[in-house]
Amino acid sequence: MIVNMDLTTIWAFIIAFAVAAYVVLDGFDLGIGILFPGFRVGEERDSAMNSIAPVWDGNETWLVLGGGGLMAAFPLAYAIVLPALYAPLIAMLLGLVFRGVAFEFRWRDPAHRRGWDAAFCVGSVVATFAQGVTLGALLQGISIEGRAYAGGSWDWLTPFSLLTGISLIIGYALLGSCWLLWKTEGPVHDDARRFAWPLAIALIVAIAAVSAYTPFLETKYYQRWFAWPGVLATAQVPLLVTITTIALFWSLAKGKERAPFFLTLTLFGLSMVGLAVSIWPDAIPGRVSIWEAAAPEKSQVFMLVGAAVLVPLILTYTGWAYWVFRGKVGAHGYH
């Protein structure tokens, strides 16, 4: 059923904002988990973990909002996507649970800290890879018959979804290293800078590979990127990526501490803009539009009232938490 276009678009932007906020805020702490084995046991690992200790669990609020909002505002999309992507979504949730338990228990059970450190890393890698695979599976298309998923249990596993999974691991790892450049000092800061250079190069290669592959997944994607005169607008995205990439390498070469983190976030933001160019206005790319998948208008209005109250509260709390813990961190906490 097609409902009020403006209200449906508002909900699409709310969910897109929640997903973007999750990538921005949870990406760097997953990245630190991915990089964890590269830090020396003891003060280095403690410093890396202390840099995210005050905020890591709050970052995942946005994942809940994005998933819950999709179920409530676009129930048809939710009902189709979940059966198609059960395996990677369950892997992602288990990875997040596993790393969360490891995060807490490595402090409370020091006798088994090496095991908890390994669990923290494995959970971070699994959760990140599953998120990337989920994105790739959505982009490559989901088989639908009527109003239900019509594919198999392993349709999500393709070379493209593996590429997006690996690319997200690289991207989150770079975010994590750039966060540590900003928030730490001493040996862990030096290690983070050492990691940042090859990760930055790898991320640019990954973005180029995914960008080159995506337009050929669907005819719609190709037309939106290369059809005239739309190409005049879409060409600005790779141009901005190139400029941001040059700025990122310059900031690393000059020893900047904050700039690499925000420039990496800019690359993520531009990648999400490119994703929007490819799929808008579909809830399921190439299959179901946001208006076809939308909940009844009264339901959307009811939920919007709650979102209008909760989202500003979450933003305020999140901003306050980051402000309070804005300084450098050491092995024993902020100072």
Check whether at least one residue in region 53-64 is under 28 Å from Gly151 (Cβ atoms), in a helix (DSSP H, G or I) and open to solvent by 20 Å² or more (accessible area, probe 1.4 Å), and report yes or no. yes
Phe36 vs. criteria touching a Cys at 6+ places or on another chain (Cβ under 8 Å) and among the aromatic types (Phe, Trp, Tyr): yes
Selected residue [touching a Lys or Arg at 6+ places or on another chain (Cβ under 9 Å) and over 21 Å from Thr164 (Cβ atoms)] from Phe36, Phe103, Phe74, Phe98: Phe36
So, of the residues in region 211-220 that are assigned to a helix (DSSP H, G or I) and either free of Cβ contacts under 8 Å to residues at least 60 places away in the same chain or touching a Phe, Trp or Tyr at 6+ places or on another chain (Cβ under 8 Å) (or both), which turns out to be farthest from Pro159 (Cα to Cα)? Thr219
Scanning region 93-149 residue by residue, those over 12 Å from Phe36 (Cβ atoms), part of a helix (DSSP H, G or I) and small (Gly, Ala, Ser) turn out to be Gly95, Gly100, Ala111, Gly115, Ala127, Ala130, Gly132, Gly136, Ala137
Selection from region 150-193 of residues farther than 23 Å from Ala53 by Cβ, open to solvent by 50 Å² or more (accessible area, probe 1.4 Å) and either part of a helix (DSSP H, G or I) or of a type in the set (Phe, Trp, Tyr) (or both) yields Trp154, Pro159, Leu162, Ile166
Of (1) of a type in the set (A, V, I, L, M); (2) over 19 Å from Ala102 (Cα atoms); (3) open to solvent by 50 Å² or more (accessible area, probe 1.4 Å), Val122 fails just (2)
With the condition kept exactly as written, say whether any residue in region 269-280 is of a type outside the set (Val, Ile, Thr) and part of a loop (DSSP other than H, G, I, E, B). yes
Give region 28-42 a look and list any residue that's farther than 19 Å from Gly171 by Cβ and buried (at least 16 other Cβ atoms within 10 Å of the Cβ), or say none. Phe39
Selection from region 248-261 of residues farther than 14 Å from Leu203 by Cα and surrounded by 16 or more Cβ atoms within 10 Å (Cβ to Cβ) yields Ser251, Leu252, Lys256, Glu257, Ala259
So if I check each of Gly141, Gly136, which one is surrounded by fewer than 21 Cβ atoms within 10 Å (Cβ to Cβ), farther than 14 Å from Ala48 by Cβ and in contact (Cβ under 8 Å) with a residue 12 or more places away in the chain? Gly141
Hey, can you tell me all the residues within region 284-302 that are open to solvent by less than 40 Å² (accessible area, probe 1.4 Å) and assigned to a helix (DSSP H, G or I)? Ile290, Ala293, Gln300
Any residue at all in region 71-88 that is free of Cβ contacts under 8 Å to residues at least 40 places away in the same chain, surrounded by fewer than 20 Cβ atoms within 10 Å (Cβ to Cβ) and under 30 Å from Asp191 (Cβ atoms)? no
Just to be sure before I move on: is Leu25 among the aliphatic types (A, V, I, L, M) and crowded, with 17+ Cβ neighbours inside 10 Å in the structure I sent? yes
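The values are calculated or read from the model by the stated rules, or taken from the named source; none is laboratory data. Quick caveat, the model's predicted, so the values are computed rather than measured. Cβ coordinates were reconstructed from backbone atoms using ideal geometry, including for glycine residues, and neighbour counts include every protein chain displayed. Note: areas computed on protein heavy atoms with side chains; ligands, DNA, RNA excluded. Shrake-Rupley method; radii C 1.70, N 1.55, O 1.52, S 1.80 Å.
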